[in-house]
Protein chains: 2
Amino acid sequence: MRVAYQGVRGAYSELAALRALGRKTTPVPCETFDEVFRAVTDGGADRGVIPIENSLAGSIHQNYDLLLDHSLHIVGEAHLKVEHVLMALPGSSMRSLKRIRSHPQALAQCDRFFRRHPRLVAEPYFDTAGAAASVAAEGARDVGAIASAYAARLYRLDVLKRQMENEPHNYTRFLVISRRPWVPKSGVRTKCSIVFRPHRNIVGILFRILGVFALRDINLLKIESRPDPREPFSYLFYVDFAGTPLEAHTARALEHLQEMTSFFRLLGAYPADVNELRVRR
Amino acid sequence: MRVAYQGVRGAYSELAALRALGRKTTPVPCETFDEVFRAVTDGGADRGVIPIENSLAGSIHQNYDLLLDHSLHIVGEAHLKVEHVLMALPGSSMRSLKRIRSHPQALAQCDRFFRRHPRLVAEPYFDTAGAAASVAAEGARDVGAIASAYAARLYRLDVLKRQMENEPHNYTRFLVISRRPWVPKSGVRTKCSIVFRPHRNIVGILFRILGVFALRDINLLKIESRPDPREPFSYLFYVDFAGTPLEAHTARALEHLQEMTSFFRLLGAYPADVNELRVRR
């Protein structure tokens, strides 16, 4: 199975792909999220793995937009704890380092470390795994990188320090996308992701929409609103709920919902990540 | 009035501060968002200006967290269209450029430009305005920067190309924070921002919570949920609504809401940005 993801080999997305789809996959690294969607659509990859929300940074709207631009299905999810480690060429030590390279966001997430070590220069790079690759390729003992332990292993770098980040509760939720939908199985805890635009100018429409779920005891797992980039002055809602459209009451809830929306799409029904609670702890 | 913001001189946040508070302000650039909150809390600045959501990237949860960590009040908001321009030393031209420097996110937002000009090397930097400052300081004619037109003016760089970004609908909403709350005035369209954690394990609690607003005809402007970083397995909700707690029915709605939440805070009541619709068009 070929799995497309944004980033170079060793990216956090590749690690999420391993967690979600196992080790018997062939990585298809892509430069942009757009390319990931095109690879899956065109058949260059069998699955795509994309980050959709991060506990510190929030939802990644760009990937919600790409889900709407393409006719792909969410078929799985994976929660990954983001754990930054400091790595350098074998034989290096904290003392030999002068510069540390990573994505600016990762550098900012580790800024307490840099304040404790004012001697070390933070050097911005395109991505975390790319920083690790560049350190391995350049062969300089005074440059380190901040990326995942997985990237260190992949590029044969030594881990000099773990838990570099200020904030330990940093996790990212990834979605697995595919050309064909997943077929719900009984006994498997299933989640659905939908997106809709409520009819405008109806006071309390959101209250009525939530009634569709609440009055059927369907449990909402996520609700988020955002100005619709395609339709000025109206809002898109992203909702995740427990259940599958194969259950009659859920199917009816989705029909009922569409009476109150000018746009609706089921992005996918997929097995809930059994590791979610462990990762979020 | 001294205004703290994250970034160097010329940052998009500084431009938002100008829009929200006028030209008679003294900029107080800070390295981190944390420093912005501390500057306002300690009296080193009179106001702070922080980004809270971006139309492409979503809500900036870190700043919601900092709002909860500090006892400051939201007293205003400003919507800013993000327009990236290419700039370089006076006398440079597109032909003389070899490298273009900016924050990786801004470089990614302009990747169509780089695909059309494969000769140009994208160079990651900590921030957009800092990239402009570094080009001005280094005095090299083969390096450009991508930042705001405001940063180009500030650092006396020539604008070589406007509208560099792929996606024209890119705007950021900023909040103005202060030690003292804004006092609602009649005739001024007012918004309130609140955050709360619903009581757990009550089916349909969110439906009932929205009823608090819907049954009083209070218009919700934003609703977003997010796993609570301080309380595993529970959710925080961010809600903006039209109105002020000085109106009796709104005050009663907030009292009613607190019957259903284990945590509640009014982050501020403030005049709605009159330019919002223009910026979002």
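Please treat every number below as a calculation from the coordinates, not as lab data. What you see is a predicted model, and the numbers here were worked out from it, not measured in a lab. Note: ideal-geometry Cβ built from the backbone for every residue, glycine included; neighbour counts use all protein chains shown.
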Selection from B:PHE113, A:VAL49, B:SER225, by position along the positive dipole direction of the protein assembly as shown (Cβ): B:PHE113
Within 10 Å of each Cβ of B:117-125, how many other protein chain Cβ atoms are there on average? 2
Considering every pair of different Cα atoms, what Kirkwood radius, in Å, is found for chain A? 20.4 Å
Residue with peak Gaussian network fluctuation, chain B [Cα springs, cutoff 10 Å], from B:GLU224, B:GLU14, B:GLU77: B:GLU224
Listed with the fewest Cβ neighbours within 10 Å leading, A:HIS84, A:HIS256 appear as A:HIS256, A:HIS84
So what does log10 I(q)/I(0) come out to for region B:180-240 at q = 0.29 Å⁻¹, using the Debye formula with one equal point on every Cα and no solvent? -1.30
Can you spot the lysines whose alpha carbon is less than 23 Å from B:LYS81's alpha carbon? Ignore those fewer than 8 places along the same chain. B:LYS24, B:LYS161, B:LYS191, B:LYS222
Order by neighbour count: B:ASP240, B:ASP217, fewest other Cβ atoms within 10 Å first, most last. B:ASP217, B:ASP240
Roughly how crowded by other chains is peptide B:58-64, in terms of the mean Cβ count from those chains within 10 Å of each of its Cβ atoms? 5
Average projected area of the Cα convex hull of region B:68-186, in nm²? 9.7 nm²
Net charge over other residues, Cβ less than 10 angstrom from the Cβ of A:THR26 (K, R count +1; D, E count -1): +1
Shortest first, in nm, what separates the label point of B:LYS24 from those of the same position in the other copies (7 Å along Cα→Cβ)? 7.3
At 7 angstrom along the Cα-to-beta-carbon line, where would the label on A:GLU167 sit relative to the other copies? Give the distances in nm, shortest first. 2.1
Where the convex hull is taken over the Cα atoms of region B:190-277, what is its projected area averaged over directions, in nm²? 6.0 nm²
For peptide B:210-219, compute the average count of partner chain beta-carbon atoms within 10 Å of each residue's beta-carbon. 4
Local charge sum around B:ILE194 (other residues, Cβ-Cβ under 12 Å, Lys/Arg +1, Asp/Glu -1)? +2
Taking other Cβ within 10 Å of each residue's Cβ, how do B:LYS222, B:LYS191, A:LYS161, A:LYS24 sort, fewest first? A:LYS24, A:LYS161, B:LYS222, B:LYS191
Convex hull (Cα only) mean projected area of the protein assembly as shown, reported in nm² to one decimal: 25.7 nm²
